[in-house]
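I have a structure I would like to understand better, so I am pasting it below and will then ask my questions one at a time.
The values are calculated or read from the model by the stated rules, or taken from the named source; none is laboratory data. Keep in mind the model is a prediction, meaning the values are calculated, not measured. Note that each Cβ is placed from the backbone with ideal geometry, even for glycine, and that neighbours are counted across all protein chains shown. Heavy atoms of the whole protein, side chains included, go into the accessibility calculation; ligands, DNA and RNA do not. Shrake-Rupley method; radii C 1.70, N 1.55, O 1.52, S 1.80 Å.
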Amino acid sequence: MATEGGGKEMNEIKTQFTTREGPYKLLPHSEYSRPNRVPFNSQGSNPVRVSFVNLNDQSGNGDRLCFNVGRELYFYIYKGVRKAADLSKPIDKRIYKGTQPTCHDFNHLTATAESVSLLVGFSAGQVQLIDPIKKETSKLFNEEDGVAVVFSWPDRDLSGCGDM
């Protein structure tokens with residue numbers, strides 16, 4: 001039991017404290033359940049890319065979010081900045097073994113609540129078309145050498161992309 005100078009017990013639960021090893025902080029569920037972190041690679045690390053699509057479904061939660069972390073690709077319901085997504089329950093999660101996703105983009109013209117087309121570019125140059133709602137995968141395209149850095153569906157404007 002911890003006591004203060006006057007002999008009173010301290011029943012306060014700390015949410016953060018610092019030791020010689022560094023600071024410790026109580027994390028909210030959304031941060032604690034975040035997907036596995038990728039170890040730092042000094043040889044060159046691929047940045048995380050994020051893609052959004054609105055599916056206009058009946059529930060009012062039509063926004064979907066796709067992001068990559070290392071060799072993993074995640075697809076979630078996006079509820080806005082005020083309410084965190086439940087990162088322990090992705091709609092779709094894919095782990096790639098030989099290559100890693102470097103960019104992705106949704107087809108906004110054909111997106112529905114039942115199906116959405118997502119192009120995924122990889123570090124070895126391949127491009128794959130997947131449907132994360134139906135969990136379908138089509139074949140790989142462009143299996144030649146190279147790196148897919150950025151691409152877009154023909155209806156989209158890439159002028160705002162910083163990678164061009």
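Under a 1.4 Å probe, what is the accessible area of the range 47-151 per residue, stated in Å²?
Details: 5730 Å² over 105 residues.
Dividing the accessible area of the range 47-151 by its residue count gives 55 Å².
Report the calculated FRET efficiency for N61 and L27 (r = Cβ-Cβ distance, R0 = 30 Å), to the nearest 0.05.
Plugging the Cβ-Cβ distance into 1/(1 + (r/R0)^6) gives 0.75.
Right, here's the next one. Sorted by accessible area with a 1.4 angstrom probe, largest first, how do L140, L109 fall? Walk me through the intermediate numbers first.
Details: L140 60, L109 135 Å².
Sorted by accessible area, descending: L109, L140.
Using label points projected 7 Å from each Cα along Cα→Cβ, tell me how many nm separate H108 and D86, to one decimal.
Result for the modelled spin labels: 2.9 nm.
Sum up the charges of everything whose Cβ sits under 15 Å from the Cβ of E114, counting Lys and Arg as +1 and Asp and Glu as -1, but leave E114 out.
Working: positive: R64, K134, K135; negative: D57, D92, D131, E136.
So the environment of E114 carries a net charge of -1.
Right, another one. Excluding ligands and nucleic acids, what accessible area in Å² is computed for Y78 using a 1.4 Å probe, to the nearest 10?
So the heavy atoms of Y78 present about 60 Å² to solvent.
Using a 1.4 Å probe, how large is the accessible area of S59, given in Å² and rounded to the nearest 10?
Solvent-accessible area, nearest 10 Å²: 90 Å².
Rank these by accessible area, largest first, 1.4 Å probe: V50, V127.
Values: V50 75, V127 30 Å².
Result, largest first: V50, V127.
So which lysines can K83 reach, going by Cα to Cα under 23 Å and dropping same-chain residues fewer than 8 places off?
Filter leaves K25, K93.
Calculate, for E12 and V50, the FRET efficiency according to 1/(1 + (r/R0)^6) with r their C-beta to C-beta distance and R0 45 Å; round to the nearest 0.05. Walk me through the numbers before you get to the answer.
On the way: r = 39 Å, r/R0 = 0.86.
About 0.70, to the nearest 0.05.
Here's another thing I want to ask about it. So if each residue of separation counts as 0.36 nm, and I subtract the Cα-Cα distance between S115 and V127, what length gain in nm does that give?
On the way: separation 12, 0.36 × 12 = 4.32 nm, distance 1.90 nm.
Extending this stretch completely gives an extra 2.4 nm.
Could you put T99, T137 in order of accessible surface area, largest first, with the 1.4 Å probe and the full protein assembly present?
T137, T99
Under the classification rounded if a/c is under 1.5, otherwise prolate if a/b is larger than b/c and oblate if not, where does the range 47-151 fall, given a ≥ b ≥ c as square roots of the Cα gyration tensor eigenvalues? Don't skip to the end; give the middle numbers.
Numbers: a/c = 2.11, a/b = 1.61, b/c = 1.31.
Because a/c hits 1.5 or more and a/b exceeds b/c, the range 47-151 counts as prolate.
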